[in-house]
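See structure below.
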């Protein structure tokens with residue numbers, strides 16, 4: 001009967017109850033129709049029902065349900081109870097046998113699989129044995145290779161140690177070379193300083209007691225000394241190139257002004273030799289370039305000087321033109337147009353085999369002792385290195401006895417230069433501008449033992465946070481970076497003002513230590529600013545640094561000086577100069593309190609210093625161990641009305657300063673026995689009464705850090721050997737106003 005369940009849960013129905021209770025259940029007097037018993041002949045209704053659980057060892061294996069037409073007697077019940085034990089054993093045996101058959105079948109299956117796997121493992125074992133044999137061979141080979149590698153590593157380690165030793169030797173040699181250059185520069189410049197100063201004094205003939213011939217002799221001596229100075233500078237430039245310490249300061253260079261400089265410099269030279277000199281600017285040549293003005297001029301000077309030097313007849317030509325793309329040599333920084341400066345001459349020419357060697361240091365086309373043309377052979381070597389620093393290249397094309405053409409290829413605007421000038425200072429990484437702009441080291445440590453007011457630098461330019469602000473903030477960052485005694489130093493601030501009125505507000509708010517002024521602002525803003533300065537006598541001592549990107553002509557300079565009303569006014573062409581002057585003025589004495597700047601209602605007040613003469617009779621202390629320098633410097637100063645005291649070293653200089661309180665200014669040589677100028681300057685600054693005393697360091701300008709080291713020791717300003725008479729007197733008067 002498909003309607004009956006095939007599985008019955010324990011406890012459900014009589015069958016489930018018999019299985020749960022493990023006891024026989026007897027039911028008599030079944031209801032009519034509950035169940036029928038059928039046979040082949042008929043059917044009958046049972047009267048009783050018995051349910052017998054099959055229990056073996058406490059486990060229920062099943063339940064047997066029996067029906068009877070008559071009630072089950074006790075004998076029937078006992079028989080069934082006994083029968084259930086036998087049935088239970090048989091059922092258990094049947095179940096066990098079935099399980100055994102299943103296990104046997106499973107065992108046979110597993111045995112087959114095991115045999116198959118054994119065969120596979122046998123095959124794999126054979127393969128593994130073969131692989132092991134191969135690995136043993138490879139291991140032997142690797143062991144041999146390892147022995148070879150160990151031997152090579154030993155050789156490499158020995159070579160590395162040798163390289164380290166050589167690197168240390170090279171570093172030591174470079175240090176000795178730098179020290180040698182610095183010392184030799186000082187030793188050469190010291191006598192050269194005396195020679196040039198005294199020769200210039202003789203050539204000026206202030207006593208009018210020399211004959212014209214003697215004056216000419218003095219001029220020749222001065223000219224020869226200047227040539228020697230140029231040779232020293234070339235050697236120092238070469239050392240910077242070899243050490244990788246020659247930096248560039250990018251700025252906008254106007255082509256017209258560059259050509260005017262070339263004309264003014266070389267036309268007299270070519271006229272003196274009877275040569276034609278032509279400067280040609282081709283159509284399409286850029287109006288300006290983004291490069292280092294001073295380095296570009298140095299390259300053109302070297303190329304044009306050589307052209308004039310090696311040309312006896314004909315002429316020299318400078319052609320400026322756009323460079324075709326297929327002509328630009330490798331190594332030129334691309335990313336924009338390239339300009340070519342071609343220096344052509346009709347001179348002696350260069351043999352083809354020497355076209356490359358002439359760019360080596362101390363190399364010339366004719367290097368014999370009997371050569372007609374002199375020189376050190378440094379110019380072209382320095383020229384090529386500078387060209388590479390500027391992102392360009394120099395090539396040469398020459399035919400003996402017909403002339404040469406040297407071509408300088410320069411990018412009109414290097415992308416990295418443009419990015420540098422376009423970025424605001426706060427967007428620059430800490431070391432970005434140090435790779436491109438030539439920053440001086442920290443300078444001008446003013447010692448004195450007392451805390452000073454904050455020093456504020458005002459930048460007046462056309463746009464907020466422009467190039468001049470970038471330069472000023474980079475100088476301030478260098479001054480404040482890495483100072484261990486920053487707590488004892490006055491803080492430095494840079495304020496940018498756009499136009500004269502905004503500058504007035506900045507100056508009215510707080511005093512400023514120095515002002516940087518952009519000359520090229522529109523609407524005559526620079527002149528308005530200087531007119532405002534003239535209207536306030538309290539601002540007479542505020543230094544004004546005028547940056548024009550080039551040397552202003554005499555008329556413009558005189559006009560602006562007249563507007564400055566006695567204030568310190570300097571014209572600076574390059575960023576490098578501006579950087580140095582900012583550092584110097586931040587190291588100078590504190591200015592007075594600054595009052596309101598712009599007063600449109602008030603007429604300009606006269607300068608209280610107007611009409612006074614030079615500072616005649618002021619006492620200057622010259623500290624130098626070289627008697628020739630003492631004599632020369634004293635001669636210059638006494639000729640201009642100063643009283644001069646002498647000291648032969650730093651210690652004697654301090655003693656002389658203490659003994660003579662009337663000393664108004666000190667000229668301090670930096671290299672002296674017993675106590676050098678750096679130490680002496682620092683010692684003087686530690687004396688409170690001399691914290692503001694002007695001290696001018698006399699440096700050899702040998703290595704990049706010499707001037708900065710002088711200023712960092714506490715010097716107010718510096719002059720370089722050989723000392724130029726005009727520069728020295730101008731510097732002294734700048735610190736000793738009338």
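The values are calculated or read from the model by the stated rules, or taken from the named source; none is laboratory data. Being a predicted model, the structure only gives us computed values, none of them experimental. Positions of Cβ are generated from backbone atoms using ideal geometry, with glycine treated the same way; all protein chains shown enter the neighbour counts.
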When the residues of segment 388-397 are filtered to those that are in contact with a helix residue (DSSP H, G or I) (Cβ under 8 Å, 6 or more places away or on another chain) and surrounded by fewer than 22 Cβ atoms within 10 Å (Cβ to Cβ), which remaining residue is modelled with the lowest pLDDT?
389
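One line per residue, one yes/no per condition, for (1) touching a strand residue (DSSP E or B) at 6+ places or on another chain (Cβ under 7 Å); (2) surrounded by fewer than 18 Cβ atoms within 10 Å (Cβ to Cβ); (3) in contact (Cβ under 8 Å) with a residue 60 or more places away in the chain; (4) within 15 Å of residue 623 (Cβ to Cβ):
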position: 651; (1), (2), (3), (4): no, yes, no, yes
position: 682; (1), (2), (3), (4): no, yes, yes, yes
position: 693; (1), (2), (3), (4): yes, no, no, yes
position: 712; (1), (2), (3), (4): no, no, yes, no
position: 729; (1), (2), (3), (4): no, yes, yes, no
So residue 244 fits all but one of (1) on the phi < 0 side of the Ramachandran plot; (2) at pLDDT below 75; what number is the exception?
(1)
Selection from segment 17-30 of residues part of a loop (DSSP other than H, G, I, E, B) and under 25 Å from residue 6 (Cβ atoms) yields 22, 23, 24, 30
What about residue 275, is it crowded, with 16+ Cβ neighbours inside 10 Å, touching a strand residue (DSSP E or B) at 6+ places or on another chain (Cβ under 7 Å) and over 28 Å from residue 579 (Cβ atoms)?
yes
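Let's see how each residue does on (1) in the same structural domain as residue 31 (by TED's automatic domain parsing); (2) in contact with a strand residue (DSSP E or B) (Cβ under 8 Å, 6 or more places away or on another chain); (3) over 25 Å from residue 10 (Cβ atoms); (4) outside any helix (DSSP H, G or I):
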{"site": "53", "(1), (2), (3), (4)": "yes, yes, no, yes"}
{"site": "60", "(1), (2), (3), (4)": "yes, yes, no, yes"}
{"site": "65", "(1), (2), (3), (4)": "yes, yes, no, yes"}
{"site": "79", "(1), (2), (3), (4)": "no, no, yes, no"}
{"site": "87", "(1), (2), (3), (4)": "no, yes, no, no"}
{"site": "90", "(1), (2), (3), (4)": "no, no, no, no"}
{"site": "97", "(1), (2), (3), (4)": "no, no, yes, no"}
{"site": "101", "(1), (2), (3), (4)": "no, no, yes, no"}
Scan segment 537-553 and tell me whether some residue there is more than 26 Å from residue 716 (Cβ to Cβ), assigned to a helix (DSSP H, G or I) and either at pLDDT below 80 or not assigned by TED's automatic domain parsing to the domain that holds residue 291 (or both).
no
How about segment 386-420: which of its residues are under 20 Å from the mean Cα position of the chain (by Cα) and touching a residue at least 12 places away in the same chain (Cβ under 8 Å)?
386, 388, 389, 390, 391, 413, 414, 415, 416, 417, 418, 420
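Yes/no matrix, rows are residues, columns are (1) part of a loop (DSSP other than H, G, I, E, B); (2) under 22 Å from residue 580 (Cβ atoms):
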position	(1), (2)
638	no, no
654	no, no
675	yes, no
726	no, yes
731	no, yes
